[in-house]
Amino acid sequence: MLATDAVSHAIGPEADAEAWWRALVDLINAVGTEDVRGICVGGFTRSQVLVDSAGVVIGPALCFPDTRGI
C-alpha cells in the first residue's frame with residue numbers, strides 16, 4: 001500500500017457529488033500515480049447521483065437520510 005486517506009463530509013438528505021469527485025482527484029494528485037497498479041475507493045452510502053447523457057451531475061446527490069420517496 002502506497003497511501004491511505006479519508007475525507008469526511010456532512011451526512012444529510014443531499015450532498016455535493018462534485019465535491020466527492022474533487023476530493024478523489026485531489027487525493028490522487030497528492031499521492032501521484034507513479035508505480036500505482038490500482039486504486040480502491042470505499043464508502044458507506046446508498047446515494048443516488050443523477051447525471052445527464054454526457055455524465056454531468058444534474059443536481060445534488062440524494063443520500064440515504066432523504067425521506068422524500070417514502
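Computed values, structure above
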item	result
Residue pairs meeting the criteria (Cβ under 6 Å; at least 6 apart or on separate chains; first over 14 Å from residue 23 (Cβ atoms) and in a loop (DSSP other than H, G, I, E, B), in the stretch 41-67; second open to solvent by less than 80 Å² (accessible area, probe 1.4 Å) and of a type in the set (Phe, Trp, Tyr))	46/64
Selection from the stretch 51-65 of residues that are at pLDDT 85 or above and either open to solvent by less than 90 Å² (accessible area, probe 1.4 Å) or under 28 Å from residue 1 (Cβ atoms) (or both)	51, 52, 54, 55, 56, 57, 59, 60, 61, 62, 63
Checklist (1) open to solvent by less than 80 Å² (accessible area, probe 1.4 Å); (2) touching a residue at least 12 places away in the same chain (Cβ under 8 Å); (3) not polar (S, T, N, Q) applied to residue 25, failing item	(2)
Test result for residue 41, among the aliphatic types (A, V, I, L, M), open to solvent by 100 Å² or more (accessible area, probe 1.4 Å) and modelled with pLDDT under 90	yes
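The values are calculated or read from the model by the stated rules, or taken from the named source; none is laboratory data. What you are looking at is a predicted structure, and each value in this text was computed from that prediction instead of being measured. So basically every Cβ, Gly included, is an ideal-geometry build from the backbone, and we count neighbours across all protein chains shown. Note: accessible area is taken over every heavy atom of the protein model, side chains too, but ligands, DNA and RNA are not part of it. Shrake-Rupley method; radii C 1.70, N 1.55, O 1.52, S 1.80 Å.
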